[in-house]
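Okay, structure first, notes after.
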Amino acid sequence: MRLAIAKIDLVALSYNLSKTKQLAPHSKVMAVLKANAYGHGLVTIAQHLTSVDAFAVARIDEALALRAGGVTKPIVLLEGFFNKSDLPILLANNFQTIIHDENQLAMLESAELDAPIATWLKIDTGMHRLGIEPAQLEGFYHRLKASKNTHSAVNLMTHFPCADDLNNARTQNQITAFKQLTNDHNEQLCLANSAGVLGWTESHCDWIRPGLMIYGVSPMLNCKGVDHGLKPVMRLTTKVIAIRDIPAGEQVGYGGRWQSNKAGKLAIVAMGYGDGYPRHAKQGTPVVIKGHRYGIVGSVSMDMITVDIGMNSEQVAVGDEVEMWGPNLAVEEVAECADTIAYELLCNVTPRVGYQYIS
């Protein structure tokens, strides 16, 4: 029996998708499932999101896993393909690909394919990661339109680096630039990631591609999912495996990072960085036991965490469930205590953690 469990609330997942659609009622939904559906379980999440219009993943192996799991909806490869030999795989599995550089376009043009592939042309409007330069749009666009290996429709896409900050004008500048670039092209447009959906209505267009928000977590600065009416999908739990007395003045854990200032009790919890919990969580990072918050003390170990429960030995016992994050403790708060982001915590849950899907 596994002690660490990620309980995945599929009812909350459906609720968040419904909320997303309410925010962008005229847009098609491309649900982002990369990185094992942000740690929630790639195939199961896809199988449950029956009302979306398409899925997006980063790489071909993720897309193939979805097809192996019986998922038939369109799948978009957000990084595109990397070798010419990938193209027959895309065609055979009805994968759509992003085109973001000359190398990809040249491989696609020169391939010998039995049928055309659907493409998304990515324009770099300020992310400066993947995407063609705005000045390259017309050349790439017309080459794709002319190629026998592509569908006649060439969807157009960009990505926001700062949409999580409503006070940053960069996103509005990107929206304006993208729409000016694409104004004369009668094609499907996709701009909005989760932050775009929540904060920038003008970016919704033909398609939205929500990721983090459908898992109930906020992509916005200094916000939690509940602030947007979202419900956390993952509840990461474990058990108390020991209760220890700690005398005043004793150091706890590797490196003696914490020292008790008075006699008390410690709960030893079966969770550590081997399960994906952040090793650099600060002293006092909360956990929830029986509805009460307690702070972790000492170093996070590979397999265990020490929690200061004061003198509450009667309220906390061996075998009690410990919520590491979930409905009673936002993953965003834990991430802040570890100087990281919720994305990383969710994606870092390791295979040692068991999964339970609740519907």
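The values are calculated or read from the model by the stated rules, or taken from the named source; none is laboratory data. In this text the structure is predicted, and so the values were computed from the model without any measurement. Here the Cβ is made from the backbone with ideal geometry for all residues, glycine too, and neighbour counts use every protein chain on show. For accessibility, only protein heavy atoms count, side chains too; no ligands or nucleic acids. Shrake-Rupley method; radii C 1.70, N 1.55, O 1.52, S 1.80 Å.
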**OP:** Could you list, in sequence order, all residues of the stretch 254-296 that are among the hydrophobic types (A, V, I, L, M, F, W, C) and closer than 15 Å to V322 by Cα?
**Re:** L266, A267, I268, V269, A270, M271, V287, V288, I289, I296
Subject >> Sole exception among (1) open to solvent by 50 Å² or more (accessible area, probe 1.4 Å); (2) without any contact (Cβ under 8 Å) to a residue 24 or more places away in the chain for L77, by number >> reply: (1)
**OP:** May I ask you to list the residues in the stretch 248-258 that are of a type in the set (F, W, Y) and open to solvent by less than 70 Å² (accessible area, probe 1.4 Å)?
**Re:** W258
**OP:** Please give the number of the condition A63 fails out of (1) small (G, A, S); (2) open to solvent by 20 Å² or more (accessible area, probe 1.4 Å); (3) closer than 24 Å to Q96 by Cα.
**Re:** (2)
Original post:
Among all residue pairs at least 6 apart or on different chains, which show Cβ distances below 7 Å where the first residue, located in the stretch 211-232, is of a type in the set (V, I, T) and the second is modelled with pLDDT of 95 or more and open to solvent by 40 Å² or more (accessible area, probe 1.4 Å)?
Top reply: V217/P232
Subject >> Selection count where residues are of a type outside the set (D, E) and touching a helix residue (DSSP H, G or I) at 6+ places or on another chain (Cβ under 6 Å), scope the stretch 144-164 >> reply: 9
Original post:
Only one residue in G264, G272, G276, G229 is out of contact with any Phe, Trp or Tyr (no Cβ under 6 Å at 6 or more places or on another chain) and under 30 Å from R170 (Cα atoms). Which one?
Top reply: G229
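When the stretch 125-135 is examined, which residues are found to be among the hydrophobic types (A, V, I, L, M, F, W, C) and either open to solvent by less than 20 Å² (accessible area, probe 1.4 Å) or modelled with pLDDT under 95 (or both)?
Step one: of the stretch 125-135, the residues among the hydrophobic types (A, V, I, L, M, F, W, C) are 127, 130, 132, 135.
Result: I132, single match.
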Subject >> Any hit, the stretch 109-124, residues being at pLDDT 95 or above, over 20 Å from the mean Cα position of the chain (by Cα) and under 30 Å from V334 (Cα atoms) >> reply: no
Original post:
From the residues in the stretch 44-56 that are among the β-branched types (V, I, T) and farther than 23 Å from H26 by Cα, which one is least open to solvent (accessible area, probe 1.4 Å)?
Top reply: I45
